[in-house]
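Below is one structure; the comments refer to it alone.
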């Protein structure tokens, strides 16, 4: 079985769990990416956020992206995920 570490390139950037969505959006802009893994203080993956998550789950709901952390949104993404249709 192929593992993520086998296909992931070295030097991938991970956003910090306590960083704001403004910070995450700027990092995505600077890296020219649409998704950002979110890692905790333990350097383990806690989730992933996308530019679409920021727009639909924060900005479109009239929330302040400076007041929401990357981990808040990453956890919300896991909890709000729709079940797959088979």
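Here the peptides 8-16, 48-56 are ranked by packing, the mean other Cβ count within 10 Å, and the order with the highest first is 48-56, 8-16. Of all DSSP beta bridges located in the chain, what percent are antiparallel, nearest 5? Of all bridge pairs located within the chain, approximately 75 percent are antiparallel.
Between residue 2 and residue 64, the modelled label-to-label distance comes to 4.4 nm, taking each label 7 Å out from Cα in the direction of the beta carbon. Counting neighbouring Cβ atoms within 10 Å and putting the fewest first, the residues 68, 38, 7 line up as 7, 68, 38. Distance distribution note for the chain: the fraction of Cα pairs above 21 angstrom is 31%. Take every Cα-Cα distance within region 1-51, group them into 5 Å bins from 0 onward, and report for each bin the whole-number percent of pairs it holds. Calculated over all Cα pairs of region 1-51, the distribution is 4, 20, 29, 25, 15, 6, 2, 0 percent.
A short reminder: the numbers here are calculations on the coordinates, not readings from a lab. Since we're looking at a predicted model, the values are computed, not measured. Note: ideal-geometry Cβ built from the backbone for every residue, glycine included; neighbour counts use all protein chains shown.
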